[in-house]
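The values are calculated or read from the model by the stated rules, or taken from the named source; none is laboratory data. Keep in mind it's a predicted model, so treat the numbers as computed, not measured. Cβ placement follows ideal geometry from the backbone for every residue including glycine, while neighbour counts extend to all protein chains displayed.
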Amino acid sequence: MIWPLFKYNIKTNRFLWLLLVAVMFMYFSIIISMYDPENIEALTKMLELFPKELMDAMGFSQFGTTLLSFIVGYIYGFLIFLFPMVLTVVINHKLVASMVDKGSMAYLLSSPFSRVKVALTQALSGLVLITTFLSVVTLSALAMSELMFAGEMDIAMFIKINIYTIILYWAISSIVFFGSAIANDSKVSLGIGVGVPVMFLVIQMLSGVGEDFKWLENFTMYTLFNPDKMIQGDGFVWLGMTVLIAIALVLYSAAIWIFNRKNLYI
């Protein structure tokens, strides 16, 4: 770990980090304030006015009757793939590919630190930023739920779901970092970093449109993320988390190995 570089990464990404924390806090506050166990049925009937295929694709097919299941239905079906993904893509692109493009990487590699140490520091910086982001969002959502509906939230399960979410984003982050580390060009880095996660999201949405497209769920990493099954106590969740961690370990290791050996035009 190169501490000055690590601190620099945190400092240069703090504005986007704080901005997206505020956005997520706003969304959670709105969703939590909408919760009313007596009117869940009315909300469900209102959603029936929209095409079922669209609601299924967006992950809005059911909301449950508890505060936890209501939040999971609204946030963790689709919205959880938006703002955290923006943060993940931007940060990981800036950590390597953007520095190569700007020439900053030349100064780093002319220092006494090895390429492996530089790459490892950049990888850990991205992981710390996304992990703390989701952790702060989790704590703020818990505080808001207790403020509005004291005692209604299943705190232990909500924390487990967000640990599951963090593991998912370790895997997503590894894809983006891999693209950033192997690319000599920002276009290639963004093509991989944006293209692969978004492609998985589109496939996931299509797989929810109807039974004819259900088979598509076998071709997206996001099938491994299912908070509803965690609430139900389904053992699939442990398999999903294990595979996501394995993806993260393999891609981060491969990215550092390739970065250490490739020619850099800087």
Residue pairs meeting the criteria (Cβ under 9 Å; at least 6 apart or on separate chains; first over 15 Å from Tyr8 (Cβ atoms) and in contact (Cβ under 8 Å) with a residue 40 or more places away in the chain, in the stretch 94-111; second loosely packed, with under 15 Cβ neighbours inside 10 Å and aromatic (Phe, Trp, Tyr)): Val100/Tyr265
Filtered residue count, the stretch 220-266, keeping only those that are touching a residue at least 60 places away in the same chain (Cβ under 8 Å), hydroxyl-bearing (Ser, Thr, Tyr) and under 22 Å from Phe81 (Cβ atoms): 2
Selected residue (only one of Gly195, Gly151, Gly191 is more than 22 Å from Ile10 (Cβ to Cβ) and not in a helix (DSSP H, G or I)): Gly151
Among the residues listed as Phe158, Phe149, Phe133, Phe200, the single one being of a type outside the set (Gly, Ala, Ser), within 19 Å of Tyr27 (Cα to Cα), modelled with pLDDT under 95 and surrounded by 15 or more Cβ atoms within 10 Å (Cβ to Cβ): Phe149
Those residues of the stretch 204-219 which are surrounded by fewer than 19 Cβ atoms within 10 Å (Cβ to Cβ) and touching a helix residue (DSSP H, G or I) at 6+ places or on another chain (Cβ under 9 Å), in sequence order: Leu206, Val209, Gly210, Phe213, Lys214, Trp215, Leu216, Glu217, Asn218, Phe219
Pair list, Cβ < 8 Å and 6+ apart or interchain, from the stretch 112-136 residues that are in contact (Cβ under 8 Å) with a residue 60 or more places away in the chain to residues that are surrounded by fewer than 21 Cβ atoms within 10 Å (Cβ to Cβ) and assigned to a loop (DSSP other than H, G, I, E, B): Phe113/Ile2; Lys117/Met1; Lys117/Ile2; Val118/Ile2; Leu120/Met1; Thr121/Met1; Thr121/Ile2; Leu124/Met1
Of the criteria (1) within 30 Å of Ser253 (Cβ to Cβ); (2) at pLDDT 95 or above; (3) of a type outside the set (D, E, K, R), which one Leu142 fails: (1)
Failed item, numbered, when Ile10 is tested on (1) surrounded by 15 or more Cβ atoms within 10 Å (Cβ to Cβ); (2) modelled with pLDDT of 85 or more; (3) among the β-branched types (Val, Ile, Thr): (1)
